[in-house]
Every structure is written in C-alpha cells, then in structure tokens.
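Everything below concerns the one structure shown next.
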Amino acid sequence: MMKSTLVVVAVSIAAGATIRASAFAIFAFLVVTALGGVILLKGSSLTEAVVSCVEVLVLMEICYLAGLFAFSLWHIIQKRRKKNSITERSHVTGKRPHG
C-alpha cells in the first residue's frame, strides 16, 4: 500500500503541473475505482474499500493542489526573473526594452 501511495502522490503532483482540473478529476475517479476493485478482490469488506478509496482520493486532491500551487509559483518566479533581466540589460545599454 505504501508503494501505491507514493506513486499516487508523485502522479498527482505531476498532474497539478500539467493537466486541467476536469481531466484530473476523471483520472482520479478512474484510479480510485480501480483501487477499490483491487481492494475488494483481496477480500476486504465494502466499508474498508470505500474508506481506503476516499483516503486515496483526498490524498490525490491535496497533492494535485500542491503541484498546481508549486508550478504556478515557479512560473511567477521565472516571469519575474525574465522581466528583471530585461530591465537590467536596458539599464546597462541605455536603450529601452521593446514590447
């Protein structure tokens, strides 16, 4: 279970940086449904399977939001660095930046 949790966390964080929320919701539902089926096939009760699936779904959503936040923050930092480098360059050459 620990290995699958680590995979879910890694995939969710990566998804936060690359795909839209609606696509992630569909992906998360499919993963949780498959996980629930596997848990039921192992002989666990229905309530255990549902509780495990809800736990994984909540973990996936939290990791998705963390990945989305981290990617957005990284993108903003990169934008500021690019803007600052253009400003510094124009200050040295004496010319104004275009655009």
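The values are calculated or read from the model by the stated rules, or taken from the named source; none is laboratory data. Here the structure is a predicted model, which is why all the values come from computation and not from measurement. Backbone-built Cβ (ideal geometry, glycine too); neighbour counts: all protein chains shown. The accessibility values were calculated without ligands, DNA or RNA, using every heavy atom of the protein model including side chains. Shrake-Rupley method; radii C 1.70, N 1.55, O 1.52, S 1.80 Å.
Being over 12 Å from the mean Cα position of the chain (by Cα) and modelled with pLDDT under 90 is a property that residue 12 lacks. Just one residue in the set 99, 43 is open to solvent by 50 Å² or more (accessible area, probe 1.4 Å), outside any helix (DSSP H, G or I), at pLDDT 85 or above and small (Gly, Ala, Ser); that residue is 43. What about residue 22, is it buried (at least 18 other Cβ atoms within 10 Å of the Cβ) and assigned to a helix (DSSP H, G or I)? Criteria not met by residue 22.
Just to be sure, is residue 34 within 14 Å of the chain's Cα centre (by Cα) and either within 14 Å of residue 67 (Cα to Cα) or in a helix (DSSP H, G or I) (or both)? Against the criterion (within 14 Å of the chain's Cα centre (by Cα) and either within 14 Å of residue 67 (Cα to Cα) or in a helix (DSSP H, G or I) (or both)), residue 34 does not qualify. All conditions but one from (1) of a type outside the set (Phe, Trp, Tyr); (2) modelled with pLDDT of 90 or more; (3) surrounded by 10 or more Cβ atoms within 10 Å (Cβ to Cβ) apply to residue 76; the one that does not is (2). Could you please let me know if residue 55 is part of a helix (DSSP H, G or I), modelled with pLDDT of 85 or more and charged (D, E, K, R)? For residue 55, the condition - part of a helix (DSSP H, G or I), modelled with pLDDT of 85 or more and charged (D, E, K, R) - is met.
Against the criterion of being over 22 Å from residue 73 (Cα atoms) and open to solvent by less than 40 Å² (accessible area, probe 1.4 Å), residue 32 qualifies.
Taking the criterion of being loosely packed, with under 14 Cβ neighbours inside 10 Å, among the aliphatic types (A, V, I, L, M) and within 12 Å of residue 60 (Cα to Cα), the residues of the stretch 1-19 that qualify are 6, 7, 10.
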